[in-house]
1. Looking at (1) within 30 Å of SER247 (Cβ to Cβ); (2) buried (at least 18 other Cβ atoms within 10 Å of the Cβ), which is the one condition that is false for TYR143?
2. Condition (residue is within 19 Å of the chain's Cα centre (by Cα), closer than 29 Å to TRP153 by Cβ and among the charged types (D, E, K, R)) applied to the stretch 7-16: is it met by at least one residue?
3. For HIS84, all conditions in the list (1) surrounded by 22 or more Cβ atoms within 10 Å (Cβ to Cβ); (2) under 26 Å from the mean Cα position of the chain (by Cα) hold save one; what is the number of the exception?
4. Among the strands (runs of 3 or more DSSP E) lying completely within the stretch 1-112, list those that include at least 1 residues that are touching a residue at least 60 places away in the same chain (Cβ under 8 Å) and among the charged types (D, E, K, R).
5. Out of everything in the stretch 146-180 that is small (Gly, Ala, Ser) and part of a loop (DSSP other than H, G, I, E, B), what residue ends up being surrounded by the most Cβ atoms within 10 Å (Cβ to Cβ)?
6. In the stretch 185-201, which residues are modelled with pLDDT under 95 and not polar (S, T, N, Q)?
7. Please state which one of GLY10, GLY3, GLY75 is at pLDDT 95 or above and at positive phi.
8. State all residues of the stretch 154-185 that are touching a Lys or Arg at 6+ places or on another chain (Cβ under 9 Å) and either within 11 Å of MET128 (Cα to Cα) or of a type in the set (Val, Ile, Thr) (or both); if no residue qualifies, say none.
Amino acid sequence: MIGWYVHHHGFGHVTRMRAVQPHLTEPVTVFSSLAAPDGLPADVTWIRLEADADPIPTPDGGRIDPAHRDPTAGGALHWAPIGHPGHRRRLATIAGWIAQNDVSAFVVDVSVEVTAFVRLLGVRTVVMAQPGDRTDVPHRLAYDLADRIVAPWAEGVIDAVALQERGDRVTYVGGISRFDGRAPVADGGNAVGGGGKRVLFLGRTLDDERVDATVAGLHARGWRADLAGTRGCDARVDDVWSALGQSHVVVSAAGQNSIADLAAAGAAAVVIAQDRPFDEQRHTARVLDARGLALTAPDTVSPDALVDLIERAAASASVAPDWTTWRVDGAARRAARAIEGTT
């Protein structure tokens, strides 16, 4: 039995679990504050955890912001607020499951606190690494405790300083994409030219006002724009493979899953780095720019500037970016082997 903690921020962590899980030979139990997604296979059990960031109730009917209850334990952790009942019960849920099951490994994607807790319970622990500056005390603790660290990028592509001293426990698997192994879309825009100029806005990269202005500017230049998840959860598209293949240019954030999907599709792209903790996406965007894999822009980019970047990306698409350096092919399978290799 394999346990798997899925962080609730965004959809990337659950998407990565769903990409790797089919390659595992053992059943998986997932723990997350997120609701269980539709279509989980029979050998995946989803246990929803209580929230740990809502206000803490007091006996007199008041409510305390958990950020005021030493959530970092003096800088040793990221989030463990004193006296939060949800935080206490979520860890108790994990402990109860471990006590009742023969757990061969527990994947943490991502939480320093869950990593430390599970390892203290005597369970082999696999930590998913992330780009950015992860040299702070809590991240170093998680990496020190991990039996295996899975880096979802190719070795040497991203300069992860925090992993350098832990090389014997790090497995660089390549970019993990949900589309690994999918056949190219017939008559796709970025593959064989397609008809007209077509751009896909993948995920939420800009506020609605700038999206509207950018789309209007593109229409004025003869472009067709498709939106997938651009306006938040209500606009999500579960399977964007066809749209990726039919687009001449893709506008995307610099999250790990998004970049892996671009690599799987061989897409010409404009990548807009979002403001994330530890400078994760800006770190990735700098790598993409330096390697000539995509044009990049800050999250403050203007609609006019973005339209120009999209046209530049389309003009340079005749020389396809060498996304093979991202090592998407087989990455999910390699991650599964690294996880089960800790048992």
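1. For TYR143, the failing item is (1).
2. yes
3. Unmet for HIS84, out of (1) surrounded by 22 or more Cβ atoms within 10 Å (Cβ to Cβ); (2) under 26 Å from the mean Cα position of the chain (by Cα): (2).
4. On the way: elements: 2-6, 28-32, 44-48, 105-109.
Qualifying strands (runs of 3 or more DSSP E): 105-109.
5. The residue in question is SER177.
6. Result: VAL185, ALA186, ASP187, GLY188, GLY189, ALA191, VAL192, GLY193, GLY194, GLY195, GLY196, LYS197.
7. Exactly one residue qualifies, and that residue is GLY75.
8. Scanning the stretch 154-185 gives VAL157, VAL161, VAL170, THR171, TYR172, VAL173, ILE176.
The values are calculated or read from the model by the stated rules, or taken from the named source; none is laboratory data. Every value quoted in this text rests on a predicted model; they were computed, and no experiment measured them. Cβ: placed from backbone, ideal geometry, glycine included. Neighbour counts: every protein chain shown.
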